[in-house]
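Please treat every number below as a calculation from the coordinates, not as lab data. Worth saying up front: this structure is predicted, and the values here are computed from it rather than measured. Positions of Cβ are generated from backbone atoms using ideal geometry, with glycine treated the same way; all protein chains shown enter the neighbour counts.
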Amino acid sequence: MRFIDLNADLGEGFGDYRITDDSALMSIISSANIACGFHAGDAVIMAASVAKAKERGIDLGAHVGFPDLSGFGRRRMQIETATLAQYVIYQLGALAGFARVADYPLTHMSFHGALGNMAAEDEALAMPLLRAVQSFDPRLIVSTTAGNAIERCARVLGMPVACTLLADRAYHRDGMLVSRAKPGAVIHSPEQITARIRQWLTDGTLTSIEGVAIPMPISSILLHGDTEGAVALAKQIRQEIENTPGCEIRSISRQRAANV
């Protein structure tokens, strides 16, 4: 049996503004990555997101990024590494506070947007950021794309890792994400996204933007909550997984618990 986590980046509104139907998505996915107030989210949204995750019984993760509300955390920022490490702890602490009040565990974390891309490319950045995560809670599972600097550094540090496939993002032949600044980086067609998931479920590969089939050793599939039609797309992806013989949706923490 192959266990696959289906997760989404959520809680990405701010004040009266909302990006997607988080409640509907939480009824479909097995893990939620919640914005912690820097690239999106606020105290009220974080508290509500934790409550919804607990109600649905899904994994709760922290999605940390640059302090960039107006750019949604997708603009590269030049900030001292030591300061960024403190920003990571600050964001983890914010969501963990609401999780503690709700008596619900924080199970994993991931880096959002430009911060995640920069750390994925550079071990000199990834290592201190991950040390900050580890100092906060060494049990937190690090969710990231496979084969990048974040995964390598996390494994060197002995941290639990879950590699994920970004359903709506294009990859280069080396397994790195295509920059959002380039044409074709974001895949908008639901049919194309579903076909990519079906390809991975069938033979474990994904076709890169260069047209090369690359192996994807992952245990999780990520859907961006701000993707147009995210709820319908999540339903399609879930159906693809459930209709594939030998596959079952299971959150990353439950996958890990089963392997211990």
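Every residue, every condition in (1) among the hydroxyl-bearing types (S, T, Y); (2) under 15 Å from the mean Cα position of the chain (by Cα); (3) under 23 Å from S49 (Cβ atoms), yes or no:
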residue: A146; (1), (2), (3): no, yes, no
residue: L157; (1), (2), (3): no, no, no
residue: P190; (1), (2), (3): no, no, no
residue: Q199; (1), (2), (3): no, no, no
residue: G204; (1), (2), (3): no, no, no
residue: E210; (1), (2), (3): no, no, no
residue: P215; (1), (2), (3): no, no, no
residue: D226; (1), (2), (3): no, yes, yes
residue: A230; (1), (2), (3): no, yes, yes
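Report yes if S143 is small (G, A, S), touching a residue at least 60 places away in the same chain (Cβ under 8 Å) and in a loop (DSSP other than H, G, I, E, B), otherwise no.
For S143, the condition - small (G, A, S), touching a residue at least 60 places away in the same chain (Cβ under 8 Å) and in a loop (DSSP other than H, G, I, E, B) - is not met.
Quick one: would you say I218 is in a helix (DSSP H, G or I), aliphatic (A, V, I, L, M) and in contact (Cβ under 8 Å) with a residue 24 or more places away in the chain?
Numbers: in a helix (DSSP H, G or I): no; aliphatic (A, V, I, L, M): yes; in contact (Cβ under 8 Å) with a residue 24 or more places away in the chain: yes.
Judged against the criteria, I218 is not a match.
Considering only region 154-190, how many residues are in a strand (DSSP E or B), surrounded by fewer than 17 Cβ atoms within 10 Å (Cβ to Cβ) and in contact (Cβ under 8 Å) with a residue 60 or more places away in the chain? I'd like the intermediate steps shown before the answer.
Step one: list which residues in region 154-190 are in a strand (DSSP E or B), which gives 161-166, 169, 171, 177, 186.
Okay, now just the ones that are also surrounded by fewer than 17 Cβ atoms within 10 Å (Cβ to Cβ), so 186.
Within this subset, residues satisfying the condition of being in contact (Cβ under 8 Å) with a residue 60 or more places away in the chain are none.
Residues flagged as in a strand (DSSP E or B), surrounded by fewer than 17 Cβ atoms within 10 Å (Cβ to Cβ) and in contact (Cβ under 8 Å) with a residue 60 or more places away in the chain within region 154-190 amount to 0.
Scan region 18-56 for residues that are among the acidic types (D, E), in a helix (DSSP H, G or I) and without any contact (Cβ under 8 Å) to a residue 40 or more places away in the chain and jot them down. Write out each step before concluding.
Kept after step one, since they are among the acidic types (D, E), are these residues of region 18-56: 21-22, 42, 55.
Right, trim to in a helix (DSSP H, G or I) and you get 22, 55.
Passing the criteria: only E55.
Would you mind finding the one in L6, L60, L69, L92 that is touching a residue at least 40 places away in the same chain (Cβ under 8 Å), within 28 Å of S179 (Cα to Cα) and assigned to a helix (DSSP H, G or I)?
On the way: L6 fails: assigned to a helix (DSSP H, G or I); L60 fails: assigned to a helix (DSSP H, G or I); L69 fails: assigned to a helix (DSSP H, G or I).
Answer to the selection: L92.
Just give me the residues in region 46-58 being under 25 Å from A114 (Cβ atoms) and surrounded by 24 or more Cβ atoms within 10 Å (Cβ to Cβ), in sequence order. I'd like the intermediate steps shown before the answer.
Taking region 46-58 as the starting set, the residues that turn out to be under 25 Å from A114 (Cβ atoms) are 46, 49.
Correct list: S49 only.
For region 111-148, give me the residue count where each residue is among the polar types (S, T, N, Q), surrounded by fewer than 16 Cβ atoms within 10 Å (Cβ to Cβ) and more than 17 Å from Y87 (Cβ to Cβ).
Initial filter on region 111-148 (among the polar types (S, T, N, Q)): 117, 134-135, 143-145, 148.
This time we only want the ones that are surrounded by fewer than 16 Cβ atoms within 10 Å (Cβ to Cβ), so: 135.
Next cut, more than 17 Å from Y87 (Cβ to Cβ) only: none.
Final tally of qualifying residues: 0.
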